[in-house]
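Okay, structure first, notes after.
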Amino acid sequence: MAVRRLDPILIDRIAAGEVIERPAAAVKELVENALDAGAATIEVVIEAGGRRLIRVSDDGAGMTREDLVLAVERHATSKLPTGDLFAIATLGFRGEALPSIGAVARLSITTRHRDEPHGWEIVVDAGVKHEPRPAAAVRGTRIEVTGLFAATPARLKFLKTDRAEAQAVAETVKRLAMAHPNVRFVLAGDNLSPLDLPAEGDDAEARLRRITRLIGPDFAPNALPVAASREGIDLEGFVSLPTYHRGTAAHVHTTVNGRPVRDKLILGAIRGAYMDFLPRDRHPALALAITCDPRAVDVNVHPAKTEVRFRDSSLVRGLVVGALKEALTRAGHRATTTGGLRTLEAVRPAVGLPPVGVLPRAVPSPALQQREPAPAAWRGWQAPLAGLDEPGQPTLGDLAGPSADARADAMTPEAEALAQPLGAARAQLHENYIIAQTQDGVVIVDQHAAHERLVYERLKRERAATGITRQLLLIPEIVELDPVEADRLIAHAETLEALGLVIEGFGHGAVAVREVPAALAGGAIKPLVRDVADALTEWGDARALEERLDHVLATMACHGSVRSGRRLRAEEMNALLREMEATPHSGQCNHGRPTYVELKLADIERLFGRR
């Protein structure tokens, strides 16, 4: 078969398959063009998920007649003034978006340059270009795309539902809005919620306001500022506390020189920074902006420009990991402020409380009316409302008297302790939950989760400093295992010794534990060894284990912490609270769950309809 030159329109349609894969991709290209034109306001309107109509209007610089004619030609762009592909300072630069869209749809561009007395309009219909004509227009550009992929109907079969495509468009606009808080964005259309984001500005507070508008009002009080620089690369933004996490990575926003990207290197660095704090199936909420010399990054490695390649990838990864870890450490013992709100939401439906602001009627329930008067010693207590009790649990009024640790008046709080962030311990409930009183609220602490984190952080500090302190067992602990697991443990005995766990073989399918980390003294040794053996089975080799030493320490800490069901004295509870306040990351356990929940007095008053 003879070689022939392809028709120009066919060439454009082939290019469109790489650049314009769905309506959201067309919106991305058009909005990026508007941003490069210096627009202060960008409006996007779609119909049928963008398949029927895409309209992008801006108040940017606009184009002259000559520029408009060239804009719909392939490989024509105003964004490479010097022709240097290694110094790209704009979002779009290929010069393929407009002709590619025009090859598969009807493209209409109306524009007016600031120095022109009137505007111009040009139409490209399925690759056929019409002559520009004068048009009435305000300064800026309005682009309308109708019948997307009408010229290539086979592509329509690969589109999702109108709702799914509309949501993809909304996500694209939100990511661009996140990267440019100084621009107003308006989005409207069917199958999506209208969006109108005012221009915020360029400072850190403006960026936080834009992020909060997009992620949610709970983000700001749970956000940590990030700012770091290294060898000409600047990183800034806001990241969430570890206890403020989501089920998907949809709220992980990263930009490079103003370009939203989903780069594997950056996402991997973020996961590495949060690895110590989040479960595997949870993700943080954050917005990070990387700024560097355009020559230090290649943005031309992906047709949709969603991935980049850094000249020094290890430098960027180290910068992201270090900056995020420093911010998380600086947060200290802070836990998410939404813990108390979640508690209120969990309790409110159960007790049937009215909406906030509506006072309940002062009529006792039938169950309370039929109840016998409470004993004199408990005259101030009444049975909880229906729904508060766990099934099968007696109410306070049913008890003959509280246990010593559950009696709130047995622990007189000191003014100095009340002034501390986590307050003074007042009681222990169900031998697991410490109730502490602060100056303006109540704190509920999960003693096992909190102590688990404290032990873990202590082990990490010891390993990083002089090595983990070990304690010799008077009588070695013999642990029977599967022979394969036992052999694997013995093979990694040297690595485990560096973590404070000294083992040796003890016949077929058994190991003898001779020393354990001092912080785990008195802990459950056999379950610990079995869990470490399971981890080795999952990870495979020593190199994988070396990369997960902190995870092994977390496993050890879990077995060496204060167990649920252990009754604590008042001094022990207060000591635990003070150590939590002094230990970074103590707001969440090793599995990413919060270690305490704080309820302000205002929250409690709302719970009882007093506010």
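The values are calculated or read from the model by the stated rules, or taken from the named source; none is laboratory data. Note that the coordinates shown come from a computational prediction; the quantities given were computed from them, not determined experimentally. Cβ placement follows ideal geometry from the backbone for every residue including glycine, while neighbour counts extend to all protein chains displayed.
Note on segment 274-295: residues that are of a type in the set (A, V, I, L, M, F, W, C) and modelled with pLDDT under 90 total 3.
Between Leu489, Leu496, Leu474, the distinction of being modelled with pLDDT under 90, part of a strand (DSSP E or B) and out of contact with any Pro (no Cβ under 8 Å at 6 or more places or on another chain) belongs to Leu474 only. Evaluate the following for Ala335: is it under 16 Å from Arg593 (Cβ atoms), touching a Leu at 6+ places or on another chain (Cβ under 9 Å), outside the structural domain of Ala557 (by TED's automatic domain parsing) and in contact (Cβ under 8 Å) with a residue 40 or more places away in the chain? Spelling it out, Ala335 is indeed under 16 Å from Arg593 (Cβ atoms), touching a Leu at 6+ places or on another chain (Cβ under 9 Å), outside the structural domain of Ala557 (by TED's automatic domain parsing) and in contact (Cβ under 8 Å) with a residue 40 or more places away in the chain.
Can you tell me which of Asp276, Asp281 is surrounded by fewer than 15 Cβ atoms within 10 Å (Cβ to Cβ) and over 24 Å from Asp58 (Cβ atoms)?
Numbers: Asp276 fails: surrounded by fewer than 15 Cβ atoms within 10 Å (Cβ to Cβ).
Only one candidate qualifies: Asp281.
Matching residues to (1) at pLDDT 85 or above; (2) touching an Asp or Glu at 6+ places or on another chain (Cβ under 7 Å); (3) part of a strand (DSSP E or B):
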position	(1), (2), (3)
Ala89	no, no, no
Val138	yes, no, no
Arg142	yes, no, yes
Lys160	yes, no, no
Ala164	yes, no, no
Val169	yes, no, no
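The residue pairs whose first member lies in segment 112-123 and is assigned to a loop (DSSP other than H, G, I, E, B), whose second member is among the charged types (D, E, K, R), and whose beta carbons are closer than 6 Å, counting only pairs six or more residues apart or on different chains, are Arg114/Arg139. If you go through segment 11-26 and keep only what is modelled with pLDDT of 70 or more, under 13 Å from Ser100 (Cα atoms) and in a helix (DSSP H, G or I), you end up with Pro23, Ala25, Ala26.
Condition check ((1) surrounded by 16 or more Cβ atoms within 10 Å (Cβ to Cβ); (2) under 23 Å from Leu70 (Cα atoms)) across all residues:
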position: Gly102; (1), (2): yes, yes
position: Asp125; (1), (2): yes, yes
position: Lys129; (1), (2): yes, yes
position: Pro132; (1), (2): yes, yes
position: Gly140; (1), (2): yes, yes
position: Lys157; (1), (2): no, no
position: Lys160; (1), (2): no, no
position: Gln167; (1), (2): yes, no
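Listed here are the residues, each with its yes/no results for (1) polar (S, T, N, Q); (2) part of a loop (DSSP other than H, G, I, E, B); (3) modelled with pLDDT of 85 or more.
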{"residue": "Leu568", "(1), (2), (3)": "no, yes, yes"}
{"residue": "Met573", "(1), (2), (3)": "no, no, yes"}
{"residue": "Leu577", "(1), (2), (3)": "no, no, yes"}
{"residue": "Glu581", "(1), (2), (3)": "no, no, yes"}
{"residue": "Ser586", "(1), (2), (3)": "yes, yes, yes"}
{"residue": "Asp603", "(1), (2), (3)": "no, no, no"}
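Considering the conditions (1) small (Gly, Ala, Ser); (2) under 14 Å from Leu30 (Cβ atoms); (3) under 24 Å from the mean Cα position of the chain (by Cα), Ala179 is excluded by exactly one of them, (2).
Pairing residues of segment 590-601 that are under 25 Å from Gln439 (Cα atoms) with residues that are of a type in the set (Lys, Arg), at Cβ distances under 9 Å and at least 6 apart in sequence or on separate chains, gives Thr595/Arg453; Val597/Arg342.
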